[in-house]
Amino acid sequence: MWWGDPATADGEPPWFDGLAESTVGCTTTSHEWPLSFPRMMEAILDLHHFPFVHAAFARGAGPRLDPYRAVLDGDVIHVEGRLRTESGTGPSQDFRTRVRFPAVMLSETKVPVIVLGAPIDERRVWLHLRFYPRPGVSPLAGRIYSWSLKWAEEILIFPADKRVLLSTEPALSGEDANVLVHADGAIALWYKLAARAFDAAQGAGASAETGAGAEPGARASAGSSA
Ligand SMILES: [Fe+2]
């Protein structure tokens, strides 16, 4: 999906190597949300909100995110974490996701789930989700499984996310709009990649116009560049 000038669209959409080519048994859904693109990416990369925003469905996911690890490998952010109780005893929930910059997220917690995002304008984003079937079951059972995940996401999860995200200030986010903590390591890495992409775009634009590179320090907020 490309919302910009068709003449400037090049290359293949970002994707993950090794992900099943077949979409048999998958269920997809697309949505348009009144959110800024950086805010949507913050939400996608925020593992820690789950036991607070989705408490009714956070079976086994405690409020303490520990251990937590977010690392960069090229343009891919790898995130792993465990939501556990304060004491470390009792149930816990492990999470593992990857985000290929700018906005292809692969969750590998139970079955693969792909979340794609694209900015429509400054205050609207397009979301596309693909739920994969549980492996080792019949095509029909797989389809029912992936459909049930989609249903749960849209009916039970999205409304709670929207209540928080659409009331968060400032509505237009950016790297200067947040006070990031340890659990936001993946968000910090995303802004790092956004800043890098913005600098590259600025440099390419300046080179095209003047034949020279961009002025040092010309980078604006990465939040408006994603
Ligand atoms: Fe959520």
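Before moving on, here are some points about what is shown:
- All positions within the stretch 160-169 that are part of a loop (DSSP other than H, G, I, E, B) and either at pLDDT below 85 or within 16 Å of the ligand (Cβ to nearest atom) (or both): 166, 167, 168
- Total residues in the stretch 25-40, condition out of contact with any Ser or Thr (no Cβ under 9 Å at 6 or more places or on another chain) and among the small types (Gly, Ala, Ser): 1
- For the stretch 143-159, filtered to residues that are of a type in the set (A, V, I, L, M) and surrounded by fewer than 18 Cβ atoms within 10 Å (Cβ to Cβ), the residue that is farthest from the ligand (Cβ to nearest atom) is 144.
- From 172, 149, residue being touching a residue at least 40 places away in the same chain (Cβ under 8 Å), touching a Gly at 6+ places or on another chain (Cβ under 9 Å) and of a type in the set (A, V, I, L, M): 172
- Restricted to the stretch 1-113, the set of strands (runs of 3 or more DSSP E) holding at least 3 residues that are more than 14 Å from the ligand (Cβ to nearest atom) and either in contact with a Phe, Trp or Tyr (Cβ under 6 Å, 6 or more places away or on another chain) or under 17 Å from residue 129 (Cβ atoms) (or both) comprises 27-33, 93-100.
- Test result for residue 133, over 29 Å from residue 198 (Cα atoms), modelled with pLDDT under 95 and surrounded by 19 or more Cβ atoms within 10 Å (Cβ to Cβ): yes
- With respect to (1) modelled with pLDDT under 90; (2) under 15 Å from residue 184 (Cβ atoms), the lone exception for residue 58 is condition (2).
- Failed condition for residue 105, given (1) of a type in the set (A, V, I, L, M); (2) closer than 16 Å to residue 32 by Cα; (3) touching a strand residue (DSSP E or B) at 6+ places or on another chain (Cβ under 8 Å): (2)
The values are calculated or read from the model by the stated rules, or taken from the named source; none is laboratory data. The structure displayed is predicted, hence computed values, not measured ones. Glycine gets a Cβ as well: all are built from the backbone with ideal geometry, and neighbour counts include every protein chain shown.
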